[in-house]
1. Add -39500 (n - 2.57) for each DSSP H run of 4 or more in the chain, then divide by its residues: what number comes out at 222 nm, to the nearest 500 deg cm²/dmol?
2. What is the chain's relative contact order, in percent, from Cα pairs under 8 angstrom and six or more apart in sequence?
3. Report the longest stretch of the chain that contains none of the trypsin sites (Lys or Arg not before Pro) sitting in a DSSP loop with at most 14 other Cβ atoms within 10 Å.
4. Which residues' amide hydrogens lie under 5 Å from the amide hydrogen of Ala41, considering only partners 5 or more residues apart or on another chain, with H built in the peptide plane?
5. Note the angle between two axes, namely the Cα long axis of helix 19-33 and the longest principal axis of the Cα atoms of the chain, as a number of degrees from 0 to 90, rounded to the nearest 10.
6. Just in segment 1-48: which GluC sites (Glu not before Pro) are loop by DSSP and have at most 12 other Cβ atoms within 10 Å?
7. Taking neighbour counts of Cβ atoms within 10 Å as a proxy for exposure, in what order, fewest first, do Met101, Met1, Met77 appear?
Amino acid sequence: MIIDQDGTISIITQEKATVVELVKKIQELYPKFKNNNIIVALTSLRKINLEDIIEFLELSNTHRATKHSFVIVSDKMDLDSVPDEIVVVPTIQEAYDIIEMEEMERDLGI
């Protein structure tokens, strides 16, 4: 797991561990980036399925409830099968775009 900081965005890149291990590690380290928007990049993993994405649901809901963005990046799955409660996009740039839109919505009180 690699953690990069870009302003108010924490970018967590997964390399070797399983998705379940990654979620546990993020939960352990959560106090470090609870006040930032979070991008979880799963682009290096060979195959992602819906169950893997669902592993992030509780963490995503908790983080989004604090008025911060939580975006998963993966180009290895059918994005139409992802529940609306969790945001999954195919590229890092789209993750940045989602965060920018959500910040504008929060500023407008939407």
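Here, each number is a calculation from the coordinates, and none is a lab measurement. Source: prediction; values computed, not measured. With ideal geometry, Cβ positions are generated from the backbone for all residues, glycine too; neighbour counts draw on all protein chains shown.
1. Estimated from H runs of four or more residues: -13000 deg cm²/dmol.
2. Over the chain, the number comes to 22 percent.
3. With a cap of 14 other Cβ atoms within 10 Å, the longest stretch comes to 77-110.
4. Ile12, Thr13, Gln14, Val73
5. 30 degrees
6. Answer by residue number: Glu15.
7. Met101, Met1, Met77
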